[in-house]
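As structure tokens, the structure follows; a few thoughts come after it.
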Amino acid sequence: MNKSVFIVALGALSYGMLSSFAKISYGQGYSVGEITFAQAFLGTLILWSIAIFRSIKKGAFRQIGNWKLFFAGISMGISTYTYYLSVVYIPASLAIVLLMQITWMSILAEWLFFKKKPSKIQIISAVFIILGTILAGNLQDIGSFNFSIFGILLGLFSALLYTLFVVLTSKLGKDTPMFEKSALMTSGSAIIIFLINFKSITTSTHLDFGLLQWGAFLAIFGTVIPPICFSNGMPKIGAGLSSILLTLELPAAVFCAHIILGENVTIMQIAGIGIMIGAIVYLNVAKAKKEKQIKSTIII
């Protein structure tokens, strides 16, 4: 149990630090398109290599799984690209705060597409997440507001597309092996990022060993390690605790932005992050209790 908690937490922390390192790579002259494509392409190669190796080891070759996952990966690719692009215009600590809006966006998406009306707890949690976002993003002081509106819109658009990705993947590929599922999605991600940045990538003068290093680093920590951690740890600790541990991505991103990039973090922002995490934890604890009560009722 404790080991599984650590494994899931490691996956969340791994995700959290990516934006800070991506921003460092921009400072070395690499473009957003080059970095995101390198990450997606190398991540795809690694995941397909693992998937094929596991099939050979088992001595069982099967037809490639649900190709709808490939198209789900397209939304993931655009989300990743717009998220990495947002940190060009706004602090990495603000970008991750905007990405975490996926919590209430997912609730809204389930209501719109699946007619699943949000509960009172979900609505209260969503309100506190938005309140926490205002404080964490330092958006309450309109007079001294100096962030790029375009960057904020990119961050919110990334969260919206990430929500679409989560909704799609929750309904697709349930019988597809994990590495194959991840490989199919990252294939779609890599191709759409390449198409968006076709001109800049094909005419790039930065296709060097440095880009390979950045791509490999971000692929390992953003594309390979998290799925492995989540697939190993989540089944053992349950969805409720897993969802709570995933909130570690937020403080990890803010901490890395402060330590690595030197971004200023105020007490008000820390309070906002605390409110957001508290709301997400409350939402998932309430959900876990409700599911437990339903199971108990069924058993009785």
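Taking the conditions exactly as written (of a type in the set (K, R), more than 26 Å from T186 (Cβ to Cβ) and at pLDDT 85 or above), does K120 satisfy them or not?
Details: of a type in the set (K, R): yes; more than 26 Å from T186 (Cβ to Cβ): yes; at pLDDT 85 or above: yes.
Yes, satisfied.
Is one or more of the residues making up region 157-164 part of a helix (DSSP H, G or I), over 14 Å from the mean Cα position of the chain (by Cα) and modelled with pLDDT of 85 or more? If you could, list the steps in order and put the result at the bottom.
Within region 157-164, the subset part of a helix (DSSP H, G or I) is 157-164.
Adding the requirement that they be over 14 Å from the mean Cα position of the chain (by Cα) leaves none.
No, region 157-164 contains no residue that is part of a helix (DSSP H, G or I), over 14 Å from the mean Cα position of the chain (by Cα) and modelled with pLDDT of 85 or more.
In region 249-262, is there at least one residue being over 22 Å from G16 (Cβ atoms), modelled with pLDDT of 85 or more and crowded, with 18+ Cβ neighbours inside 10 Å?
Taking region 249-262 first, the residues over 22 Å from G16 (Cβ atoms) are none.
For region 249-262, residues over 22 Å from G16 (Cβ atoms), modelled with pLDDT of 85 or more and crowded, with 18+ Cβ neighbours inside 10 Å: absent.
Collect the residues in region 98-111 that are closer than 21 Å to T82 by Cβ and either of a type in the set (G, A, S) or part of a helix (DSSP H, G or I) (or both), keeping them in residue-number order.
Restricting attention to region 98-111, the residues satisfying the condition of being closer than 21 Å to T82 by Cβ are 98-106, 108-109.
Hits for region 98-111 are L98, L99, I102, T103, W104, M105, S106, L108, A109.
Would you call I129 surrounded by 16 or more Cβ atoms within 10 Å (Cβ to Cβ) and farther than 13 Å from M276 by Cβ? Break it down into steps so the answer makes sense when it comes.
Values: surrounded by 16 or more Cβ atoms within 10 Å (Cβ to Cβ): yes; farther than 13 Å from M276 by Cβ: no.
When the stated conditions are applied, I129 does not pass them.
Could you grab me the full set of residues in region 196-213 that are closer than 17 Å to G27 by Cβ, part of a helix (DSSP H, G or I) and not polar (S, T, N, Q)?
G210, L211
Counting only residues that are not polar (S, T, N, Q) and not in a helix (DSSP H, G or I), which one in region 28-57 is farthest from G188 (Cα to Cα)? Steps first, please.
Going residue by residue through region 28-57, those that are not polar (S, T, N, Q) are 29-30, 32-35, 37-38, 40-43, 45-48, 50-54, 56-57.
Then keep just the ones that are not in a helix (DSSP H, G or I); that gives 29-30.
Values: G29: 26, Y30: 22 Å.
Here the residue is G29.
Identify all residues within region 170-182 that are part of a helix (DSSP H, G or I) and either among the basic types (K, R) or in contact with a Ser or Thr (Cβ under 6 Å, 6 or more places away or on another chain) (or both); write none if there are none.
Once the filter is applied, which keeps residues that are part of a helix (DSSP H, G or I) and either among the basic types (K, R) or in contact with a Ser or Thr (Cβ under 6 Å, 6 or more places away or on another chain) (or both), region 170-182 yields K171, M178, K181.
The values are calculated or read from the model by the stated rules, or taken from the named source; none is laboratory data. Every value quoted in this text rests on a predicted model; they were computed, and no experiment measured them. A quick note on method: Cβ atoms are made from the backbone with ideal geometry, for glycine too, and the neighbour counts reach across all protein chains shown.
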